[in-house]
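To start, the structure itself, in structure tokens.
The values are calculated or read from the model by the stated rules, or taken from the named source; none is laboratory data. Model, not experiment: these values are computed from the prediction. Please note: Cβ atoms are built from the backbone with ideal geometry, for glycine as well, and neighbour counts cover all protein chains shown.
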Amino acid sequence: MSIETLCQILCHDGSITARRYRAKPGYKSLLKAGLIEESGVVEGWYCDDCSQGHAASIVHEQGRYGYFCLELGFVPLERDAIVAVKACVAKLISRLADLLKASTRKSEPVRGHTWRIGRLRSEHGDLSIYYHPALASADDLSELKLAIADEVGTRFRLILNATGTLPVGGSRVVSLSEVVEIGSDGEIEMATDIWALAGLVVTSPTGRPNTYGAPVKDLARQRIASGEALRGLKTEANVIKGLLWNEETKKGPSLTSVRRYLAEVREGPKKGQN
Ligand SMILES: [Zn+2]
């Protein structure tokens, strides 16, 4: 299952009501895995019961929660309506570091909202992996850049995030939802090969670059020709991903890249694409 719900909660930094999210996919699993928690109450509320419509602070008055409105006075709210949900970022980082078997993880942010998940070694160069919740504004970018400025440089660098796609020089930015998913036991697990995401192209003994483009496209064409191909892009991509997954090396193409190659086979290459 996708961790889209976790990404949405990560974006809000602790001030959203749990009630808005309880029915979303994976919510219970995330709660059980300790990756999110319901605690305290939100600080703010939006009053849309009066003619003005305005933001208000939640207050606790004579044993009741509520907020003040100029027109309506004290408006009481049920506690359940304002219970907050927040992501347990430290737990998420440590779980990711375990999954990736990363070294030099840091148990607190490097700076601000930027966390170092850790480093992975390879004969082709090392990979550092960071988490920064949002890369959607210039402020997000400067905060991240400041945080990693003093970090040890490695050949590959991956920034995992929950929202935003602004590019960061010298790094690849990937959404967490592409990297992990919720497994059948409710814990998060790897959904893809982290090295492929980081941009490492493994060269085969023949010296030919071994990217996933060619095998995915070949298999997609074969399955179309033999009539085995499933109709939905996502379901077919899932099947192809499964067929190309190497259980021994734990490597395989990401669902995103399979979908992209499969769409190209079905629709022909997009304009302006090499
Ligand atoms: Zn009001």
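Worth pointing out:
- Among the residues of the range 91-143, the ones that are assigned to a loop (DSSP other than H, G, I, E, B) and not hydroxyl-bearing (S, T, Y) come to 18 in all.
- Exactly one residue out of V41, V59 is without any contact (Cβ under 8 Å) to a residue 24 or more places away in the chain and touching a strand residue (DSSP E or B) at 6+ places or on another chain (Cβ under 9 Å): that is V59.
- Under the condition of being within 16 Å of the ligand (Cβ to nearest atom) and of a type in the set (D, E, K, R), the residues counted in the range 62-85 number 1.
- Qualifying positions in the range 220-249 - within 28 Å of the chain's Cα centre (by Cα) and among the aliphatic types (A, V, I, L, M): A220, L230, L233, A237, V239, I240, L243, L244
- A102 meets all of the listed conditions (1) assigned by TED's automatic domain parsing to the domain that holds V152; (2) within 15 Å of the chain's Cα centre (by Cα) but one, namely (2).
- The lone exception for A18 - which of (1) under 30 Å from N238 (Cα atoms); (2) among the small types (G, A, S); (3) surrounded by 19 or more Cβ atoms within 10 Å (Cβ to Cβ) it fails: (1)
- Those strands (runs of 3 or more DSSP E) of the range 43-84 in which at least 1 residues are surrounded by fewer than 12 Cβ atoms within 10 Å (Cβ to Cβ), considering only elements entirely within it, cover 44-47, 54-57, 59-61, 73-77.
- Where V110 falls short, out of the listed (1) of a type in the set (V, I, T); (2) buried (at least 19 other Cβ atoms within 10 Å of the Cβ); (3) within 16 Å of the ligand (Cβ to nearest atom): (3)
- The range 30-60: number of residues that are within 16 Å of the ligand (Cβ to nearest atom) and touching a Phe, Trp or Tyr at 6+ places or on another chain (Cβ under 9 Å): 10
Conditions (1) farther than 15 Å from V179 by Cβ; (2) in contact with a helix residue (DSSP H, G or I) (Cβ under 9 Å, 6 or more places away or on another chain), marked per residue:
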site: I93; (1), (2): no, no
site: R105; (1), (2): yes, yes
site: P109; (1), (2): yes, yes
site: E123; (1), (2): yes, no
site: H132; (1), (2): no, yes
site: E143; (1), (2): yes, no
site: L146; (1), (2): yes, no
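- Evaluation of T256 against (1) closer than 22 Å to V179 by Cβ; (2) among the polar types (S, T, N, Q); (3) out of contact with any Asp or Glu (no Cβ under 8 Å at 6 or more places or on another chain) (one fails), failing number: (3)
- Meets criteria (closer than 18 Å to A18 by Cβ, without any contact (Cβ under 8 Å) to a residue 60 or more places away in the chain and either within 13 Å of the ligand (Cβ to nearest atom) or out of contact with any helix residue (DSSP H, G or I) (no Cβ under 8 Å at 6 or more places or on another chain) (or both)) for C88: yes
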